[in-house]
1. Using a 1.4 Å probe, what is the accessible area per residue for the stretch 112-253, in Å²?
2. Which residue, chosen from Ala106, Thr61, Val35, occupies the Cα position most advanced towards the positive end of the dipole of the chain, where the dipole is computed from +1 (Lys, Arg) and -1 (Asp, Glu) charges on Cβ about the Cα centre?
3. Sort Met187, Met42, Met153 by accessible area with a 1.4 Å probe, largest first.
4. Explain nothing, just compute: Karplus ³J(HN,Hα) = 6.51 cos²θ - 1.76 cosθ + 1.60, θ = phi - 60°, for every residue of the stretch 30-41 in order, whole Hz, x for Gly and Pro.
5. Quick query: amide H of Ser182 versus all other amide H atoms, modeled in the peptide plane; which residues come in under 5 Å with a sequence gap of 5 or more or a different chain?
6. For Ile217, list long-range residues whose amide hydrogen, built 1.01 Å from N in the peptide plane, is under 5 Å from its own amide hydrogen.
7. Would you work out the charge dipole size for the chain about its Cα centre, treating the Cβ of every Lys and Arg as +1 and the Cβ of every Asp and Glu as -1, and quote it to the nearest 20 debye?
8. How large is the helix-only mean residue ellipticity at 222 nm for the chain, computed as the sum of -39500 (n - 2.57) over DSSP H runs with n ≥ 4, divided by its residue count, in deg cm²/dmol to the nearest 500?
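The values are calculated or read from the model by the stated rules, or taken from the named source; none is laboratory data. Keep in mind that this is a model prediction, so the values were computed, not measured. Using ideal geometry, Cβ is built from the backbone for each residue, glycine included, and neighbour counts are taken over all protein chains shown. Heads up: the accessible areas ignore ligands, DNA and RNA and are worked out on the full protein's heavy atoms, side chains in. Shrake-Rupley method; radii C 1.70, N 1.55, O 1.52, S 1.80 Å.
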Amino acid sequence: MDEFTVAGLRVVREAAACGSFSTAAENLGYTQSAVSRQIALMERAAGRALFERHARGVRPTEAGRVVMRHAEAILGELEQARHHIRGLAVRPAGRLRVGAFSTAMAALVPRAIAATRDRQVRISLREGLSPRLLAAVANGRLDLAVVTPPDTMPSGVRIDPLLDDPLLVAVPLTHSLAGATSASPDMLRAERWIAGSQEPSATLLGAWRDPDWEPDIAFVARDWFAKLGLVAAGLGITVVPGIAVPVLPPTVSLLRIDHPSAVRRTVIAHRGDPGGAEPRGVVVEALRDRAAELSAEVRQRLRGA
């Protein structure tokens with residue numbers, strides 16, 4: 001007899017939340033075929049369809065919404081159990097578990113860690129998407145994380161502002177906008193884009209695009225080196241967080257997006273007060289100092305464009 005599984009519950013919850021099997025696969029680190037297989041198994045166990053399939057995504061059926069509600073409760077209880085079990089172990093003094101999204105790992109986090117080397121802080125790192133990092137902070141698996149804040153914060157998690165990171169556009173050196181310092185969204189409407197997903201709302205394009213404009217996504221690439229390689233070859237343009245500027249190659253030209261929403265708010269997520277506490281306060285202070293440095297570097301590179 002087919003039964004509900006924990007993996008299946010996670011897939012149903014994620015697919016219902018984002019409205020797309022492909023985006024659910026990206027968020028969970030699965031292949032799309034693995035997500036489809038889990039959905040099929042869960043529908044067989046339920047004895048009815050859990051999702052309505054449409055050309056532009058999926059939507060949970062009434063049965064799907066019932067399963068999703070129970071999935072939230074069951075998975076939440078399992079996370080709490082893991083949290084309590086981990087709390088039984090005593091971590092060594094001076095050890096800190098830090099998470100960050102991928103572009104924060106490019107320069108900000110490494111510089112902050114380098115600045116704390118003489119303070120004898122032992123740091124372990126975890127890279128991931130902001131929602132998963134926030135869940136890890138909430139459940140005690142991370143001590144702090146550099147994330148973009150969601151609309152709803154997990155219970156018990158506090159955030160402190162770190163920087164407002166400008167979103168930039170990387171274009172080929174042969175592009176008509178190469179050498180400019182900024183461009184309006186209207187100037188970018190006809191461009192072909194390189195993005196991390198075919199779903200614009202799941203990419204940095206979703207932070208500033210006009211809801212009436214559907215971008216032409218020519219290529220999908222999740223790796224930043226792949227995106228920038230495609231840009232350098234003249235195959236499209238891409239959105240780049242300012243926080244990544246120090247490690248971007250000279251084979252692309254950067255310009256600001258003239259739009260009030262073309263900024264990604266970046267924060268430090270933690271439980272409790274990190275100020276002054278060793279070793280967490282040491283790392284938080286280093287992150288703030290390095291964030292200020294990076295902001296100055298972004299302004300300088302754009303002025304020199």
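1. Each residue of the stretch 112-253 exposes 47 Å² on average to a 1.4 Å probe.
2. Looking along the dipole axis, the top candidate is Ala106.
3. Sorted by accessible area, descending: Met187, Met153, Met42.
4. So the Karplus estimates, Gly and Pro as x, are 9, 7, 5, 5, 5, 5, 4, 5, 5, 4, 4, 5 Hz.
5. Arg256
6. Trp193
7. So the magnitude is around 780 debye.
8. -12000 deg cm²/dmol
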